[in-house]
Amino acid sequence: MGLPEINITFSGLAVSAIQRSQRGIVALILKDDTDTTFERKEYTSVTEIDPLDWTATNKAYIEQAFLGVPSKVIVERLAVAALNYNEALTRLSFKKWNYLAVPGIAGADTTAVATQIKTWRDTDKRTYKAVLPNIVADHEGIINFTTEGIVVNGTTYSASQYTARIAGILAGLPFTRSATYYVLPEVEAITEHTTPDADIDAGELILINDGEKIKIGRGVNSLTTTTTSKGQDFKKIKIIEGHDLVKEDITRTFNDEYVGKVNNSYDNQALFITAVNAYLRGLQPDVLDPAADNLVGVDVEAQRLAWEGVGTDTSSWDDQKVKNTSFQSKVFLSGNLKFLDAIEDLALKISV
């Protein structure tokens, strides 16, 4: 009688979605030889940081990440002489985190880390993302931060050096707002972008000076090339956060409650579909648009093709027959979801 419990699991996930969205985890990779007795430190507060573990510069990076109020900061330490970041990336592949930053990274190393993030997302279907400096990645999992000359308390940081701060902001934002116009009160000055609109259109996350405050221009990732499967919405960090939340929640619950535990009948699939759709309704109106259907069901076309792929003639099967005839151990589902963006633009016409 275990199946109904999945409804309780999904209900709890929907209720906690907003809270979980603003408690993301930042992963940092830092090169540091101050204390070589450890590879990793995990912090839930700046008060836990031992200044004897890090150089003053690296300690400041960790503190900057916490300014965005993530739930945790995981720091992978590498030797200063390390030739690349592969070892730390391997260690991080076994951990749960949301946004990666590597303060000080440059050149080919930036490209290598971006390639790893793309592989994790596209091939391994993980939801990792990275804030990297000055890289034309053209991918929703890479945030291309490009503002230079960031002055804080008289110290000037490059885009690369300030990626920890940006990762902390993105990990700490709730689904009820985007990063657009997020104010960085500690920043005194920046090297201002001469073509901010064009830079944003080119997939750059930039800081702007509105004359009073330094703030994020628009919450975009590095994606610039859209397709039928990746539309304009995929360029927005907030939208991708919603995608990742739904993917993680459904996948984790399916793996925990169904895989190896439940026979693959249409009745059992229907129970799972009902639970998923109830979960999706619970994400309205904070994550999903309540004006849209936001429903999933059996992917009839995919299931029909699976049977035809093993030599079964399905030409006489109607859609219900396809649904009733489950295929081996596979569950084919599809649906349409509409994720909510934040209000960011205004078109106002006034007649006098």
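The values are calculated or read from the model by the stated rules, or taken from the named source; none is laboratory data. Nothing here was measured: the structure is a model prediction, and the numbers come from that model. Using ideal geometry, Cβ is built from the backbone for each residue, glycine included, and neighbour counts are taken over all protein chains shown.
Side notes on the structure shown:
- Single residue of 295, 288 found to be within 29 Å of the chain's Cα centre (by Cα), among the aliphatic types (A, V, I, L, M) and more than 18 Å from residue 239 (Cβ to Cβ): 295
- Helices (runs of 4 or more DSSP H) completely within segment 192-283 that count 3 or more residues being touching a residue at least 60 places away in the same chain (Cβ under 8 Å) and surrounded by 17 or more Cβ atoms within 10 Å (Cβ to Cβ): 237-257, 266-282
- Every listed requirement among (1) over 20 Å from the mean Cα position of the chain (by Cα); (2) in contact (Cβ under 8 Å) with a residue 12 or more places away in the chain is met by residue 308 save one, (2).
- Among the residues of segment 329-349, those that are of a type in the set (A, V, I, L, M) and farther than 12 Å from residue 269 by Cβ comprise 337, 340, 342, 343, 346, 347, 348.
- Single residue of segment 1-60 satisfying the filter (under 22 Å from the mean Cα position of the chain (by Cα), crowded, with 16+ Cβ neighbours inside 10 Å and small (Gly, Ala, Ser)) that is modelled with the lowest pLDDT: 21
- Taken over segment 57-71, the criterion of being of a type in the set (Val, Ile, Thr), assigned to a helix (DSSP H, G or I) and either touching a Ser or Thr at 6+ places or on another chain (Cβ under 9 Å) or in contact (Cβ under 8 Å) with a residue 12 or more places away in the chain (or both) is satisfied by 62 alone.
- Across segment 312-328, the qualifying residues are those that are of a type in the set (A, V, I, L, M, F, W, C) and either modelled with pLDDT under 95 or under 13 Å from residue 266 (Cα atoms) (or both), and the one among them that is surrounded by the fewest Cβ atoms within 10 Å (Cβ to Cβ) is 327.
- Subset of segment 157-191 (residues that are without any contact (Cβ under 8 Å) to a residue 40 or more places away in the chain and in contact with a Ser or Thr (Cβ under 7 Å, 6 or more places away or on another chain)): 159
- Test: residue 299 is out of contact with any Lys or Arg (no Cβ under 9 Å at 6 or more places or on another chain), crowded, with 17+ Cβ neighbours inside 10 Å, of a type in the set (Asp, Glu) and closer than 22 Å to residue 247 by Cβ: yes
- Apart from one condition, residue 97 fits all of (1) hydrophobic (A, V, I, L, M, F, W, C); (2) in a loop (DSSP other than H, G, I, E, B); (3) within 13 Å of residue 204 (Cα to Cα); the exception is (3).
- Filter result for residue 188 (over 26 Å from residue 71 (Cβ atoms), assigned to a loop (DSSP other than H, G, I, E, B), over 15 Å from the mean Cα position of the chain (by Cα) and at pLDDT 95 or above): no
- Identity of the residue in segment 154-204, among the aliphatic types (A, V, I, L, M) and touching a Phe, Trp or Tyr at 6+ places or on another chain (Cβ under 7 Å), that ends up farthest from residue 242 (Cα to Cα): 159
- Between 210, 244, the distinction of being of a type in the set (D, E, K, R) and farther than 19 Å from residue 345 by Cβ belongs to 244 only.
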